[in-house]
Amino acid sequence: MTTSTGTAPGPRALARQRRRASVARFWRQYRSERAGLYGLTALSLCALLALFAPLFVGSDVSSVTDAPGRPMQSPSAEFPLGTDQFGRDLLGLVIWGSRVSLLVGLLAAVLSVAIGTLIGVTAGHFKGWYATVMMRITDWFLVMPTLVLAIALATVMSRSLTTTVVAIGVTTWPTTARLVRAQTLAVETRPYIERAQALGGGHWHIMSRHVLPNVMPLVLAQTTLIISSAILAEATLAFLGLGDPTVVSWGGLLQDAREAGAVSAGDWWYLVPPGIAIAVVALAFTLCGRAVESVLNPRLGVSR
């Protein structure tokens, strides 16, 4: 292949062309997954609502002193989803709460996948006693209930968004570590790894230049699947009163509804909107994750 000037493109230009072709091929295959497109559309709408929430509802939507309505009003033209026990507009609270729930879910998933990828790649590369120790630690985390560990961490640490992210991230990484280690072991049996070692490639060079790029498709698919679990975990911790009480989140709204007696009073409008929001976003991320996994399956060498 030559450029318009008649010279062959350099290595960087070829790499960019290959990346663009790979992205275009991925998008063509992803569009054939109808469920994945539904999930991506739902996530795009939720992301836009969260991003432009200050324009839609204003930053004072969570103010208790300036509540625009009466406590526990049922849905009406003025308040489509009703009001909470302080008279705040629930529609605005649900929109504003999407910012915290999505942010915590994304950050917790990134932390979880980062820990799992680091342990999985290093355990698959170094083997020996190091791999044995890391896998026994992973097994211990796998057999322990994730929610119980997260609750324990959230209880002993201060109540903040950082605590929630850490509590979820450090308890949900073992599955990723197991999958990445298995893929690393498969990658390291390939001939180009032996050639890199014969040419003097060190451990860091082999892991960063040869192993990690080949396990990244698996990491990407795992990330989209973990985000839905992280959002559910954040909602659970907030519902149990272990979240940050100074911010509005979907789980926090459910916890406020429980404390206000919405369940026994039959005030369904206080419970249903945040619950549906959590379910829709979790399902959307799951659909996207399954679609990504289906598209990348041939590259991962996994058969259904």
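The values are calculated or read from the model by the stated rules, or taken from the named source; none is laboratory data. Since this is a predicted model, take the numbers as computed values, not measurements. Positions of Cβ are backbone-derived with ideal geometry, glycine not excepted, and every protein chain shown enters the neighbour counts. SASA here: full protein model, heavy atoms, side chains in, ligands and nucleic acids out. Shrake-Rupley method; radii C 1.70, N 1.55, O 1.52, S 1.80 Å.
A 1.4 Å probe, protein heavy atoms only, puts the accessible area of residue 134 near 40 Å². Which of the listed residues, 283, 157, 214, is farthest toward the dipole's positive end in the chain, when Lys, Arg count +1 and Asp, Glu count -1 at the beta-carbon? Checked the options; the winner is 214. Out of 178, 190, 12, any idea which swings most in a Gaussian network model of the chain, alpha carbons joined below 10 Å? Its mean-square fluctuation being the largest, the pick is 12. Rolling a 1.4 angstrom probe over the protein heavy atoms with all chains in place gives segment 17-59 an accessible area of 75 Å² per residue. Would you work out the Kirkwood radius for the chain? I mean one over the mean of 1/r across all pairs of different Cα atoms, in Å. In the chain this quantity evaluates to 21.8 Å. If you roll a 1.4 Å probe over segment 83-296 with all protein chains in place, what percent of the accessible area is carbon or sulfur? For segment 83-296, the apolar C and S fraction of the accessible surface comes to 70 percent. Note on segment 169-304: along the principal axes its Cα atoms extend 72, 30, 18 Å, ordered by decreasing extent. Relative to the longest principal axis of the Cα atoms of the chain, helix 268-300 runs at roughly 10 degrees.
Measuring with a 1.4 angstrom probe and ignoring ligands and nucleic acids, residue 229 comes out at about 70 Å² accessible. Local charge for residue 258 was computed over the other residues whose Cβ lies under 13 Å away, with Lys and Arg +1 and Asp and Glu -1, and equals -4.
What is the angle, in °, between the Cα long axis of helix 174-187 and the longest principal axis of the Cα atoms in the chain? Nearest 10 is fine, range 0 to 90. The angle comes out at about 20 degrees. If the elastic network links every pair of Cα atoms under 10 Å, which of 243, 169, 58 fluctuates the most in the Gaussian network model of the chain? Largest GNM mean-square fluctuation: 58.
Leaving out ligands and nucleic acids, and using a 1.4 Å probe, what accessible area per residue does segment 208-304 come to in Å²?
Here the per-residue accessible area is 43 Å².
If you run the Gaussian network model on the chain, springs between alpha carbon atoms under 10 Å, then out of 279, 13, 150 the most flexible one is 13.
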